[in-house]
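The values are calculated or read from the model by the stated rules, or taken from the named source; none is laboratory data. Remember, predicted model here, so these are calculated numbers, not experimental data. Please note: Cβ atoms are built from the backbone with ideal geometry, for glycine as well, and neighbour counts cover all protein chains shown. These area figures cover heavy atoms from the full protein model, side chains too; ligands, DNA and RNA do not enter into them. Shrake-Rupley method; radii C 1.70, N 1.55, O 1.52, S 1.80 Å.
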Amino acid sequence: MGKPKVVLGVSGGIAAYKACELLRRLTESGHDVRVVPTASALHFVGAATWSALSGHPVSTEVWDDVHEVPHVRIGQQADLVVVAPATADTLARAAHGLADDLLTNTLLTARCPVVFAPAMHTEMWEHPATRENVATLRRRGAVVIEPAVGRLTGVDTGKGRLPEPAEIFEVCRRVLARGVAEPDLAGRHVVVSAGGTREPLDPVRFLGNRSSGKQGYALARTAAARGARVTLIAANTGLPDPAGVDVVQVGTAVQLREAVLKAASDADAVVMAAAVADFRPAAYAQGKIKKKDGQEPDPIVLVRNPDILAEISADRPRPGQVIVGFAAETDDVLANGRTKLKRKACDLLVVNEVGERKTFGSEENEAVILGADGSETPVPPGPKEALAEKVWDLVVTRLN
Ligand code: CTP
């Protein structure tokens, strides 16, 4: 088998220079990459750079090497087309099926998965014309990843930054690995919670837990690569934002509940991977709690936190929504899992055994996914991404 063929479309935005690093990552990991820039992209990075880095000729128009019919061949032969950066203009031309240069011709002839990594000013990204074009492309099965928030060209900051090349590369790798042109979560909105909540005692201390957030982030990344619009509610993870995902940072269980309920109102699926504190201190000391000479400390009084999973499972903000919980258990894993599934009334419960050296912070996970329909899906030890893919497989079956 030859190297996977990737077409890297580059459109005319300042972030075009970042596509050089994406190209490097793709070629160094064994992909045969053909760069198809737009004419305006060449104002930012010249053809010589793309040609030298890819080892292929570079052209923006359909009129070069006409005998090889490049406007049809390049798209037909591709295993993946990724457009990074995708400007508002390129998204518009793609959404409307225009074919006025080599890149748009390639997009029309490609039958492989297509990933767009938009980059533009916040106003352009939020303009109703762009919103509609993005929705059209997603509906047709393209993976349009969400731009990152941060510094834009000049002094502006906001949403519209091209995600880091390493993150776009990860999306490409996942989409290629799945190898299906129609991503099965396209057009869906999914909400994932990740990390562990912290319940403050005073301005410097909190009650927390050891959840790293890695499983939740793996769920968010894999869903984005399967075409979903993803809202990731992250509690105290310290992890970098995954490409193509809207991240909402929270601290406590109460804040997590508010963020989940807000995002869940139009979600097709909600996956509660966060470790939510069941209790919080009844009182919060405005000043640091000091030790007093010769006195024992005051006991900490706790009150119950809301059970977010049970609440959304009971209320289902949107009919037909699929709700997934996680359960970390140390003993009688399956029996406790079944009881918890019933009690929380969710559709799926991912049960894993935890202990000092198991699961927390590690790159691997092993679990059994219990279904409310009585199903039991064991997932062998493996990367957290593999477990995430399995969870989405089961969610997709239930959504359809
Ligand atoms: N969860 C939640 N809200 C809470 C506690 C937990 O939404 N206040 C969710 C978690 O995100 C997870 C699932 O419920 O998806 C299981 O949480 P777990 O803490 O294991 O279950 P508990 O209800 O706390 O049961 P127990 O303490 O008996 O283990």
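At-a-glance table
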| read-out | value |
| --- | --- |
| At R0 = 56 Å, FRET efficiency that the Cβ-Cβ distance of ALA345 and ALA99 yields, to 0.05 | 0.65 |
| Linear extension gain, ARG24 paired with VAL149, 0.36 nm per residue minus alpha-carbon span | 42.6 nm |
| Pairwise label distance in nanometres, ARG318 with ALA48, each label 7 Å out on the Cα-Cβ vector | 5.1 nm |
| Computed E for GLU123/GLU61 - FRET, C-beta separation, R0 35 angstrom, nearest 0.05 | 0.70 |
| Å² per residue, accessible surface of the chain at 1.4 Å | 47 Å² |
| Label-point separation, VAL69 to ARG111 (7 Å along Cα→Cβ), nm | 1.3 nm |
| The stretch 301-331-the stretch 1-67 distance, computed between alpha-carbon centres (Å) | 47 Å |
| Candidates VAL254, VAL69, VAL351: whichever shows maximal mean-square fluctuation once the chain is modelled as a Gaussian network with Cα springs under 10 Å | VAL69 |
| Shape call, the stretch 147-222: gyration tensor on alpha carbons, a/c limit 1.5 | oblate |
| ALA166-MET1 pseudo-label distance in nm [points 7 Å out on the Cα-to-Cβ vector] | 2.7 nm |
| Ordering of 310-321, 216-227 by packing [mean C-beta count within 10 Å, highest first] | 216-227, 310-321 |
| Across LYS290/LYS344; LYS262/LYS390; LYS159/LYS342; LYS3/LYS390; LYS159/LYS214; LYS344/LYS390, pairs whose alpha-carbon gap is larger than 29 Å | LYS290/LYS344; LYS159/LYS342 |
| Per DSSP, loop chymotrypsin sites (Phe, Trp or Tyr not before Pro) in the stretch 24-79 with at most 13 further Cβ within 10 Å | TRP63 |
| In range of the label at VAL301: residues from the stretch 256-294 whose backbone nitrogen is under 17 Å from the point 7 Å along Cα→Cβ | 279-286 |
| Portion, in percent, of the accessible area of the stretch 14-103 that falls on carbon or sulfur, probe 1.4 Å | 53 percent |
| Carbon plus sulfur fraction of accessible area for the stretch 233-341, probe 1.4 Å, in percent | 51 percent |
